[in-house]
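Read through the structure below, which is laid out as structure tokens, and then see the notes.
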Amino acid sequence: MTLLSWTRRSLMAAAGAALVAGGLSGAAYAQTPPGVLIVGQIAEPKSLDPAAVTAVNDFRILVNVYEGLTRYKSGTLEVEPSLATSWDISDDGTEYTFTLRDGVSFHDGTPFDAEAVKFNFDRMLDESHPYHDTGPFPLSFFFGAVESTDVVDAMTVKFTLNAPYAPFLSNLAYPTGLMVSPAAVAANGKEFGRNPVGTGPFKFAEWRSNEAVVVERNDGYWGEAAGTEAVVFRPITDANTRVAEMLAGGIDLMVEVPPTSLGQFGGDEFAVAEQAGPHVWFLILNAKEGPFADKRIRQAANYAINKEAIVNDVLEGTATVAAGPTPPAFAWAYNEALDPYPYDPEKAKALIAEAGMEGADLTFYVTEGGSGMLDPVPMGTAIQADLQAVGLNVKIETYEWNTFLGEVNPGLEGKADMAEMAWMTNDPDTLPYLALRSGAWPDKGGFNSGYYANPKVDELLEAARTATDQAERAELYREMQTIVQEDAPWVFVANWKQNAVTNDRVENFGLEPSFLLHLQGVVKN
Amino acid sequence: MVSYILKRLLSAIPVLLGITIIVFLIMSLIPGDPATAILGSYATPENVEKLNRDLGLDKPMVQRYFIWLGNMLTGDFGRSFSLNRPVIDEVLERFNATLILAGTAFTLCSLLGILAGVVSAARQYGFADKAITFVVLIGISVPSFFLGMMMILLFAVNLRWLPVSGMFAIYGGGDLPDLIRHLTMPALALAAVATGVIARLSRSAMLEVLRQDFIRTARAKGVPERRVIMGHALRAAMVSIIPILGIQAGFVLSGAVYIEIVFQWPGVGRMLVDAILKRDLLLVQGGVVIVAACYVLFNIAVDVAQSLLDPRIKT
């Protein structure tokens with residue numbers, strides 16, 4: 001017996017084993033069952049407690065399991081009734097009285113009433129509340145204006161604010177304002193985030209760590225029942241793998257498709273959905289010192305950067321050119337009359353020459369990635385080249401996202417002239433109030449890292465925040481946008497269009513401008 | 001023997017203590033803190049400070065280290081900020097998945113690598129040797145994550161023979177055949193490089209032994225060639241092959257990080273990468289300590305195995 005024949009035999013055995021293994025797998029693998037929608041998510045959720053999370057990724061699950069007192073009307077960022085059927089606002093704008101929807105109960109059978117609402121807000125805001133330790137609640141400042149929550153009667157609840165605060169209603173529609181079952185919090189304590197109970201069209205079924213979160217149709221739902229029996233959220237952190245799963249049929253719906261992969265979903269078996277949202281991508285300019293202290297140079301930067309090229313070539317059409325600080329998705333508050341700064345390098349050169357800043361050196365903070373930052377490194381490089389072309393020497397410093405925030409949020413003074421930034425918000429108040437007021441300079445606890453200051457803008461923002469009439473607020477925001485565009489504290493670059501791909505078995509799917517993922521009406525064949 | 005094992009175990013204690021200090025220092029000194037990571041755009045100094053206080057990160061570093069170490073000695077690894085569950089639950093669950101993946105890959109690469117090395121050596125410069133050397137060279141040269149992506153494109157997207165990613169089917173899975181289907185591609189991709197290394201080193205170890213006198217004597221006495229190779233030569237060569245296996249086990253374990261990301265295998269490597277990006281201090285620290293402890297124990301086991309095989313090694 002020679003060694004070779006022995007090896008041959010074992011090779012035959014190995015080949016046989018491989019055939020058996022191949023047979024096990026069968027042909028058309030990855031056929032997902034009808035009535036069950038499988039969603040490819042970008043990460044594992046942190047928690048399913050709406051008060052404890054901050055990521056859009058987690059919100060996508062939450063809004064299907066929970067509901068808030070208000071919600072965004074489909075296709076808009078305007079507020080409409082949800083668990084509250086109506087509300088009254090006192091004349092001074094500090095008392096909000098809500099009438100609650102009758103006959104709603106949480107998935108665990110706990111009735112939804114004024115006591116439950118009070119429990120939710122006290123848990124978040126009152127440090128002496130017995131379940132405050134189920135936090136931390138990082139976004140509780142959304143309701144920082146709430147002084148007290150009072151039960152008027154079983155179906156009426158009253159919020160008293162410490163000052164008029166117009167974004168209150170839209171903050172209630174934000175996931176931080178979703179209502180959890182008090183009984184379930186009491187039963188699960190810190191583990192509530194893994195055993196969520198809400199009132200929504202889907203109820204929580206199972207969370208298998210790093211594999212899937214499964215929610216099932218809530219047959220006792222007060223509204224129209226969900227179109228699928230169950231939805232499975234799968235965390236697939238690697239974008240290439242997510243695309244491969246979608247192509248192989250392992251998932252039915254995929255969010256945040258990388259721009260360069262969109263071409264792979266051109267066929268009939270896929271549908272691509274796009275929706276502009278309340279997102280703005282901009283460059284913070286250091287208006288306190290250096291070249292950008294001169295308004296002409298800030299405007300020159302806005303003229304010099306070819307935003308069309310960035311959104312079409314770098315971002316492959318997944319964004320539109322931004323005109324000002326407020327994204328057009330806030331249709332009611334957006335100033336339609338505003339046109340983006342045109343791409344005009346000659347004008348930029350003239351402005352730079354006028355200010356005598358030819359050949360100025362600039363330090364530019366770029367991040368490697370991060371929430372809403374799209375494709376920051378290629379975008380930063382394109383911007384550098386455009387500024388170079390008009391005679392500004394830009395030096396890029398690149399940081400990992402958390403480090404980047406640690407550098408940028410405390411202010412750019414003494415470190416940099418410009419920095420990339422992006423925000424996604426739920427109200428036209430949030431971003432300008434936190435990042436454009438002189439009262440929001442970093443040393444005062446805000447995000448105005450470029451030290452922009454204009455008393456008129458401050459005044460408009462304060463007035464818009466306290467006015468409770470929407471038309472009046474809209475007028476103030478429009479005026480603010482005109483002034484800010486002219487002052488150019490930022491380079492306004494892009495408004496992102498969120499995208500998603502579905503396969504041909506999914507019907508009735510659409511994206512919302514709020515970036516939330518409502519799956520109630522979706523049908524899977 | 002027992003005293004040798006005990007001695008080795010005792011010597012592991014300062015190693016592990018050193019690891020706790022290093023991982024704690026690295027996580028404390030890199031820029032960016034958990035509160036900033038959690039709050040993202042909303043990380044105002046005020047919010048960061050409040051959240052850090054809630055997370056217990058406002059205490060001095062030295063004090064935090066000893067609290068962590070003390071708790072760990074009582075079995076309390078703390079709670080993960082980013083996953084909102086006890087660190088130990090998460091790490092053990094994940095480690096289980098990594099062990100299945102890395103264990104399968106390690107078994108594959110040991111068996112295939114040694115077999116290929118033995119065949120190569122027995123047929124030096126023959127057709128089998130040349131074919132194996134060629135395949136092995138490819139195995140060593142292709143990065144495992146690239147091999148993994150190519151396998152996904154071919155076997156999952158185009159042929160649809162195997163699932164793209166994950167450990168079990170999302171619906172109706174969970175049994176052994178399901179696990180094997182999910183395990184096939186990642187385990188092969190992970191085993192590829194190590195198989196090549198083991199094959200090459202086994203081949204040279206075998207060639208060296210085959211040149212020695214006792215092999216000539218065995219052949220001269222008419223011992224069948226198969227027994228000469230598998231019995232006499234391989235046994236002697238194993239003394240130099242086993243330490244290689246020990247080193248390769250470390251490579252397989254660390255290579256699992258890439259493979260787990262490509263195939264979305266719910267293992268400890270992918271967990272650590274996510275945790276580092278989210279600055280989840282306790283999860284990173286706990287995870288690293290547990291993985292390091294396993295690695296140290298495995299190395300002790302390899303040394304013990306070697307001393308059993310080779311009486312020349314003093315115990």
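The values are calculated or read from the model by the stated rules, or taken from the named source; none is laboratory data. This structure is a prediction, so every number in the text was calculated from the model and none was measured. Neighbour counts are summed over all protein chains in view; Cβ atoms, including those assigned to glycine, are modelled from backbone coordinates with ideal geometry.
Right, residue A:261: within 11 Å of chain B (Cβ to nearest Cβ) and either in contact with a helix residue (DSSP H, G or I) (Cβ under 7 Å, 6 or more places away or on another chain) or of a type in the set (Val, Ile, Thr) (or both) or not? It would help to see each step written out before you state the result.
Working: within 11 Å of chain B (Cβ to nearest Cβ): no; either in contact with a helix residue (DSSP H, G or I) (Cβ under 7 Å, 6 or more places away or on another chain) or of a type in the set (Val, Ile, Thr) (or both): yes.
It is false that residue A:261 is within 11 Å of chain B (Cβ to nearest Cβ) and either in contact with a helix residue (DSSP H, G or I) (Cβ under 7 Å, 6 or more places away or on another chain) or of a type in the set (Val, Ile, Thr) (or both).
Selection of first residues in the range B:164-177 that are closer than 18 Å to residue A:33 by Cα and more than 7 Å from chain A (Cβ to nearest Cβ) and of second residues that are in a helix (DSSP H, G or I) and charged (D, E, K, R), restricted to Cβ pairs under 9 Å at least 6 apart or on distinct chains, gives the following pairs, ordered by first then second residue: B:169/B:178; B:169/B:181; B:172/B:178; B:173/B:181.
Listed by first and then second residue, the pairs linking a residue in the range A:425-450 that is under 21 Å from residue A:54 (Cα atoms) to a residue that is charged (D, E, K, R) and modelled with pLDDT of 90 or more, with Cβ atoms under 6 Å apart and 6 or more places separating them unless they lie on different chains, are A:429/A:465.
Among the residues of the range B:291-310, is any within 14 Å of another protein chain (Cβ to nearest Cβ), crowded, with 17+ Cβ neighbours inside 10 Å and modelled with pLDDT under 85? No: the range B:291-310 contains no residue that is within 14 Å of another protein chain (Cβ to nearest Cβ), crowded, with 17+ Cβ neighbours inside 10 Å and modelled with pLDDT under 85.
Got at least one residue in the range A:155-163 being in a helix (DSSP H, G or I), over 17 Å from residue A:105 (Cβ atoms), among the hydrophobic types (A, V, I, L, M, F, W, C) and touching a residue at least 24 places away in the same chain (Cβ under 8 Å)? Checking the range A:155-163: not a single residue is in a helix (DSSP H, G or I), over 17 Å from residue A:105 (Cβ atoms), among the hydrophobic types (A, V, I, L, M, F, W, C) and touching a residue at least 24 places away in the same chain (Cβ under 8 Å).
In the range B:42-99, of all residues being farther than 30 Å from residue B:253 by Cα and of a type in the set (A, V, I, L, M), the one that is surrounded by the most Cβ atoms within 10 Å (Cβ to Cβ) corresponds to B:43.
With over 21 Å from the mean Cα position of the chain (by Cα) and within 14 Å of another protein chain (Cβ to nearest Cβ) as the only criterion, which of A:252, A:294 stands out?
Among A:252, A:294, only A:252 is over 21 Å from the mean Cα position of the chain (by Cα) and within 14 Å of another protein chain (Cβ to nearest Cβ).
Evaluated against (1) surrounded by 21 or more Cβ atoms within 10 Å (Cβ to Cβ); (2) at pLDDT below 95; (3) under 30 Å from residue A:85 (Cα atoms), residue A:244 falls short on exactly one condition, (3).
For residue B:110, the criteria (1) of a type outside the set (A, V, I, L, M); (2) buried (at least 18 other Cβ atoms within 10 Å of the Cβ); (3) within 10 Å of chain A (Cβ to nearest Cβ) hold in every case but one, which is (3).
Here residue B:35 clears all of (1) within 17 Å of residue A:404 (Cα to Cα); (2) in contact (Cβ under 8 Å) with a residue 60 or more places away in the chain; (3) not β-branched (Val, Ile, Thr) except the condition numbered (2).
Looking at the range A:233-243, is at least one residue assigned to a strand (DSSP E or B) and polar (S, T, N, Q)?
So the first thing to find is which residues in the range A:233-243 are assigned to a strand (DSSP E or B), and the list is A:233-235.
Adding the requirement that they be polar (S, T, N, Q) leaves none.
So far as the range A:233-243 goes, no, none of its residues is assigned to a strand (DSSP E or B) and polar (S, T, N, Q).
Filter the range B:16-41 down to residues that are facing chain A (nearest Cβ under 7 Å) and among the hydroxyl-bearing types (Ser, Thr, Tyr), then give me how many there are.
Step one: list which residues in the range B:16-41 are facing chain A (nearest Cβ under 7 Å), which gives B:31-32, B:36-41.
Within this subset, residues satisfying the condition of being among the hydroxyl-bearing types (Ser, Thr, Tyr) are B:36, B:41.
Residues in the range B:16-41 being facing chain A (nearest Cβ under 7 Å) and among the hydroxyl-bearing types (Ser, Thr, Tyr): 2 in total.
In contact (Cβ under 8 Å) with a residue 24 or more places away in the chain and more than 12 Å from chain A (Cβ to nearest Cβ), is that true of residue B:255?
Details: in contact (Cβ under 8 Å) with a residue 24 or more places away in the chain: yes; more than 12 Å from chain A (Cβ to nearest Cβ): yes.
Against the criterion (in contact (Cβ under 8 Å) with a residue 24 or more places away in the chain and more than 12 Å from chain A (Cβ to nearest Cβ)), residue B:255 qualifies.
For the residues A:189, A:198, the requirement of being more than 26 Å from residue A:508 (Cα to Cα), more than 11 Å from every other protein chain (Cβ to nearest Cβ), in contact (Cβ under 8 Å) with a residue 24 or more places away in the chain and not hydrophobic (A, V, I, L, M, F, W, C) singles out A:189. When the range A:195-219 is filtered for residues that are under 14 Å from residue A:106 (Cα atoms) and not in a strand (DSSP E or B), the ones remaining, listed by number, are A:195, A:196, A:197, A:198, A:199, A:200, A:201, A:218, A:219. Looking at the range A:46-88 only, could you name the residues that are crowded, with 22+ Cβ neighbours inside 10 Å, out of contact with any helix residue (DSSP H, G or I) (no Cβ under 9 Å at 6 or more places or on another chain) and not in a helix (DSSP H, G or I)? Selection gives A:67 alone.
Select from the range B:154-163 the residues that are assigned to a helix (DSSP H, G or I) and more than 7 Å from every other protein chain (Cβ to nearest Cβ) and list them in ascending order. Break it down stepwise before answering.
The first filter runs over the range B:154-163 and keeps only residues assigned to a helix (DSSP H, G or I), leaving B:154-158.
Those that are assigned to a helix (DSSP H, G or I) and more than 7 Å from every other protein chain (Cβ to nearest Cβ): B:154, B:155, B:158.
Taken together, the criteria place residue A:257 among residues that are hydrophobic (A, V, I, L, M, F, W, C), part of a loop (DSSP other than H, G, I, E, B) and in contact (Cβ under 8 Å) with a residue 12 or more places away in the chain. Among the residues making up the range A:383-409, those that are surrounded by fewer than 19 Cβ atoms within 10 Å (Cβ to Cβ), away from chain B (no Cβ under 14 Å) and on the phi < 0 side of the Ramachandran plot are A:385, A:388, A:389, A:393, A:395, A:396. When residue A:203 is tested against (1) over 21 Å from the mean Cα position of the chain (by Cα); (2) of a type in the set (D, E, K, R); (3) more than 10 Å from chain B (Cβ to nearest Cβ); (4) more than 16 Å from residue A:520 (Cβ to Cβ), only condition (4) is not met.
Could you tell me how many of the residues in the range B:123-134 are in contact with a helix residue (DSSP H, G or I) (Cβ under 8 Å, 6 or more places away or on another chain) and either within 16 Å of residue B:198 (Cα to Cα) or among the hydroxyl-bearing types (Ser, Thr, Tyr) (or both)?
3
Selection of the range A:465-476 for residues being under 26 Å from residue A:443 (Cβ atoms) and either at pLDDT 95 or above or surrounded by fewer than 19 Cβ atoms within 10 Å (Cβ to Cβ) (or both) yields only A:466. Restricting the search to the range B:42-79, which residues are facing another protein chain (nearest Cβ under 10 Å), farther than 30 Å from residue A:430 by Cα and not basic (Lys, Arg)? Passing the criteria: none in range. Name the one entry in A:372, A:380, A:359 that is touching a residue at least 40 places away in the same chain (Cβ under 8 Å) and at positive phi. Going through A:372, A:380, A:359 in turn, the sole match is A:372.
Counting residues that are of a type outside the set (Lys, Arg), under 23 Å from residue B:36 (Cα atoms) and outside the structural domain of residue A:171 (by TED's automatic domain parsing), which helices (runs of 4 or more DSSP H) fully inside the range A:412-525 reach at least 3? Talk me through it step by step, then tell me what you get.
Numbers: elements: A:430-435, A:455-466, A:470-487.
Ranges flagged: A:430-435.
In the range A:294-329, the residue that is surrounded by the most Cβ atoms within 10 Å (Cβ to Cβ) out of those that are part of a loop (DSSP other than H, G, I, E, B) and of a type in the set (S, T, N, Q) is A:326. When residue B:195 is tested against (1) touching a Leu at 6+ places or on another chain (Cβ under 9 Å); (2) within 13 Å of another protein chain (Cβ to nearest Cβ); (3) not hydrophobic (A, V, I, L, M, F, W, C), just one condition goes unmet, and that condition is (2).
Taking the conditions (1) without any contact (Cβ under 8 Å) to a residue 60 or more places away in the chain; (2) buried (at least 20 other Cβ atoms within 10 Å of the Cβ) in turn, residue A:412 satisfies each one other than (1).
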